[in-house]
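Every number in this text was worked out from the coordinates using simple rules, so none of it is lab data. Keep in mind it's a predicted model, so treat the numbers as computed, not measured. Cβ atoms come from the backbone with ideal geometry, glycine included; neighbour counts cover every protein chain shown.
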Number of protein chains: 4
Amino acid sequence: MAPRTKKQFENIREEKKKLIMTVALELFGSDGYHTTSISDIARKADISKGLLYNYFDSKEELIREIINSGIDKLAKLIDPNRDGVLTKGELRYFIENFFILLIEEQKFWKLYFSLFLQAPVLALVEDRLRRLIASYFLMLTNYFESQGYEDPQIESLMFGAILDGIGFNFVTSLSDFPVDRVKEKMIKMYCK
Amino acid sequence: MAPRTKKQFENIREEKKKLIMTVALELFGSDGYHTTSISDIARKADISKGLLYNYFDSKEELIREIINSGIDKLAKLIDPNRDGVLTKGELRYFIENFFILLIEEQKFWKLYFSLFLQAPVLALVEDRLRRLIASYFLMLTNYFESQGYEDPQIESLMFGAILDGIGFNFVTSLSDFPVDRVKEKMIKMYCK
Amino acid sequence: MAPRTKKQFENIREEKKKLIMTVALELFGSDGYHTTSISDIARKADISKGLLYNYFDSKEELIREIINSGIDKLAKLIDPNRDGVLTKGELRYFIENFFILLIEEQKFWKLYFSLFLQAPVLALVEDRLRRLIASYFLMLTNYFESQGYEDPQIESLMFGAILDGIGFNFVTSLSDFPVDRVKEKMIKMYCK
Amino acid sequence: MAPRTKKQFENIREEKKKLIMTVALELFGSDGYHTTSISDIARKADISKGLLYNYFDSKEELIREIINSGIDKLAKLIDPNRDGVLTKGELRYFIENFFILLIEEQKFWKLYFSLFLQAPVLALVEDRLRRLIASYFLMLTNYFESQGYEDPQIESLMFGAILDGIGFNFVTSLSDFPVDRVKEKMIKMYCK
DNA sequence: TATGAATGAGACTTCATTCAT
DNA sequence: TATGAATGAAGTCTCATTCAT
């Protein structure tokens, strides 16, 4: 009888927003952004189409929030103590956590990769993402330099490419990618 | 003037078909499959929409032919003498040609990568592609085994992942990817 | 504190209803009926959408009440002593009050004019309005006849048209309409 | 069998475009811009919704073209010899043609009036319209001055208001407005 | 009385595809 | 072979209205 409190409303909103984002990521990840319709998302989330627009201004806004939330996790992965310098221990930590994130958030990674392949979608978050990647590239290069590698820049590029390639192959080969063995290989290659 | 022979007509037809596919690949590659409309393609190819349907039964058929034609080139790259065995020389040849193909056909590679990220589109060519990749993976594994690598399977996976990663980074980073230096690094790593 | 009496409750209700109508008129007047959403009104009135429906059964009902309330004022303007006869003094009184009403209730007049231009909306109040206008037209015609005008009917039509035209131009030209000078002109024309 | 010529296509386009504009004006005029849906227009024009968008980029573009085409006629009405000066004969010509236009294009005038009452729609053509009106106002004022009127500016305003009022009453009172007698009255008032 | 989440019909718009010429 | 007008299904989004609390 008494109206819901502000807190109650907030909870409802938060829960439902998370639900929508989860469902949408799921579908965007498996079928792609354009192939997934708002109707699809609403149906799978078991809500009306209209309600979705109560939470997100547009389909574009929805994917932007999903991606940004993914980038947040990525940012945490990189340089956890935020001093801009990478130690050998941190590199290992990074590799291990990369694989954890990869496995836990497969759908996000699919979205992440397809993001780069579609100019219009990429534009939504490009700046932030490029900056994040650039900062990590710098840290890596410094690290390889300090370890005495011959061409630290190429080394960084290769390191990044390998991770991208592994990620791509993993999220792309339905289920039979031996991710654990590949992880060990990476650690052997870079942290022995 | 003598009427055109059947042969001539076929040539014209073939030319126009190639034109459409080139234009379509260009647009699919830069803007994405769903974002590119049949109208866009027809306009850029300077033909009518109707004529396009004279050559391709549907948009899906069009992309399928484009991808298959790309896969043809890929297939030629792999095991050129088709004996199912890879020699050291052939591996080097493969790497070098991979980079040539990568640079010449950037747009195709973008399409190729996005292919894997969209289940519905992938379905169109999945079988052939998976078979091609599997056959190459086998050849590679045999090769690494013959070279005495400890874990040839992982080695193959890594090799594939690296190429994918490099390709992905190249087609994705607009222009500043030092592809030549990366190629040298690959050759140093695998063909020294 | 003593509980509020029934009377008090009714007063509060009446106040809130008036508030909603004022806000709605404001928005309908400046943005138009269809362009203004219930949400807009609720937000500006600082109440919930639900509460608005506690006072008005529908958006249509809301505008109908607003218009009827406006027509009430109009009716008061016309023939204040309700004897159906217009004297020279009353005509002057009418003109002067018309201008006062025009200035005070610009937003209502905008709504009033647009009312006539939209068949579906007009239907809501058409009868009452047509009757009111007809009755005034009759009074005017009688008046002009009694004053010896040659064609009292046309005279009435022109008089009405002039007022409408002035009103229309006033509410329509943002701010620079010299309403006072026009009023003087009208008085000179009709009440010299 | 042979494809249609360019000319044929142009004719089709022109005819159909005119049809759509006529139907749309009809509906916008009687029911209002927002109340009239694209479906309504397509149904009445006996075409598909999609085709409408082959001719107009948006509903807004459609109304803009309709209004601009109306303003074209208006512009022709004003100062036919385009010397910026109004003679007594031209004023009479103007009045008479105003009434002709009013009768012939009732629906446009309804749209024209409602245009001024809705800020967002007005914005589409505001500049052009304001300029046109301003230029006519100037000509009128000069004219009344040359004729020795006491307050030419007010005289112009009144003249414009009367025409607006007449037009408004005419397009608004379904059928019983004695437009001919009112015209005579106007001529008597201004061109005697 | 009061809230705002939730619904669903319907609006505008796009686009692959067809077809008369 | 070649054109582009025409269709219709489906997509994104809005909004009056309802209802549990």
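Annotations
- Taking one quarter of the surface of the C-alpha convex hull of region B:10-124 gives a mean projected area of 8.5 nm².
- Total charge dipole magnitude, chain A, about the Cα centre, Cβ charges on Lys, Arg, Asp, Glu only, Debye to nearest 20: 680
- Cβ-Cβ distance of A:Q106 and A:L77, R₀ of 22 Å, FRET efficiency by 1/(1 + (r/R0)^6): the value works out to about 0.90.
- Only helices enter the 222 nm calculation for chain C: every DSSP H run of n ≥ 4 contributes -39,500 (n - 2.57), and dividing by all residues gives -25000 deg cm²/dmol, rounded to 500.
- Model label sites at A:F137 and B:S37, defined 7 Å from Cα along the beta-carbon direction, differ in position by 3.6 nm.
- For the protein assembly as shown, the square roots of the Cα gyration tensor eigenvalues, ordered a ≥ b ≥ c, give a/c of at least 1.5 with a/b greater than b/c, which places it in the prolate category.
- Under 14 Å, Cβ to Cβ, from C:S48 - net charge with Lys/Arg +1 and Asp/Glu -1: +4
- The rotation axis bringing chain A onto chain B passes closest to the chain A residue reported with its distance as A:G165, 1, by C-beta distance in whole Å.
- Counts of other chain beta carbons within 10 angstrom of each beta carbon in peptide C:159-172 average 6.
- Mean separation of Cα contacts under 8 Å (6+ apart) over length of region C:52-192, as relative contact order %: 30
- For chain A, the Kirkwood radius over C-alpha pairs fed into Stokes-Einstein at 25 °C and 0.890 mPa s yields D = 132 µm² per second.
- Fewest neighbouring Cβ atoms within 10 Å first, the residues C:Y33, B:Y136, D:Y53 line up as D:Y53, B:Y136, C:Y33.
- With the highest mean first, a sort of the peptides B:40-48, C:184-192 on other beta-carbon atoms found within 10 angstrom per residue produces B:40-48, C:184-192.
- Order of D:T35, A:T141 under a 10 Å beta carbon neighbour criterion, fewest first: D:T35, A:T141
- Other protein chain Cβ atoms within 10 Å, averaged over every residue that makes up D:24-31: 1
- Sparsely packed loop sites in region A:5-66 (the GluC sites (Glu not before Pro) outside DSSP H, G, I, E and B with at most 12 other Cβ atoms within 10 Å) do not occur.
- Net charge, D:N68 excluded, C-beta distance under 11 Å - Lys, Arg +1, Asp, Glu -1: 0
- Debye, to nearest 20: dipole size of region B:94-172, +1 on Lys, Arg Cβ, -1 on Asp, Glu Cβ: 380
- With only Cα atoms counted, region D:90-147 has Rg and Dmax values of 13.7, 39 Å.
- Look at the dipole of the protein assembly as shown built from charges on Cβ: of C:L102, D:L124, C:I154, the Cα furthest out on the positive end belongs to C:I154.
- Selection from A:F137, C:I166, D:A45, by position along the positive dipole direction of the protein assembly as shown (Cβ): D:A45
- Neighbours of A:R4, meaning other residues whose beta-carbon lies under 12 angstrom from its beta-carbon, give a summed charge of +2 when Lys and Arg score +1 and Asp and Glu score -1.
- With θ taken as phi - 60° and the Karplus curve 6.51 cos²θ - 1.76 cosθ + 1.60 applied, the whole-hertz 3J(HN,Hα) list for region B:89-95 is x, 5, 5, 4, 4, 4, 4 Hz, x standing for glycine and proline.
- Going from the residue with the fewest nearby Cβ atoms within 10 Å to the one with the most, C:Y149, C:Y55, A:Y112 rank C:Y149, C:Y55, A:Y112.
- Semi-axes of the equivalent ellipsoid for region D:82-190, computed as √(5λ) from the eigenvalues of its C-alpha gyration tensor and ordered from largest down, come to 23, 20, 12 Å.
- Assuming charge only on the beta carbon of Lys and Arg (+1) and of Asp and Glu (-1), the dipole of region D:25-134 about its Cα centre is about 140 debye to the nearest 20.
- Here the label points at B:E65 and C:T5, each 7 Å from Cα along the C-beta direction, are separated by 8.9 nm in the simple model.
- Across identical copies of the chain, A:K73 has label-point separations of 3.6, 5.9, 6.3 nm, listed in ascending order, with the point defined 7 angstrom from Cα along Cα→Cβ.
- Between identical copies, the spacing of A:L51 label points, each set 7 Å from Cα toward the C-beta atom, reads 2.6, 4.1, 5.2 nm from nearest to farthest.
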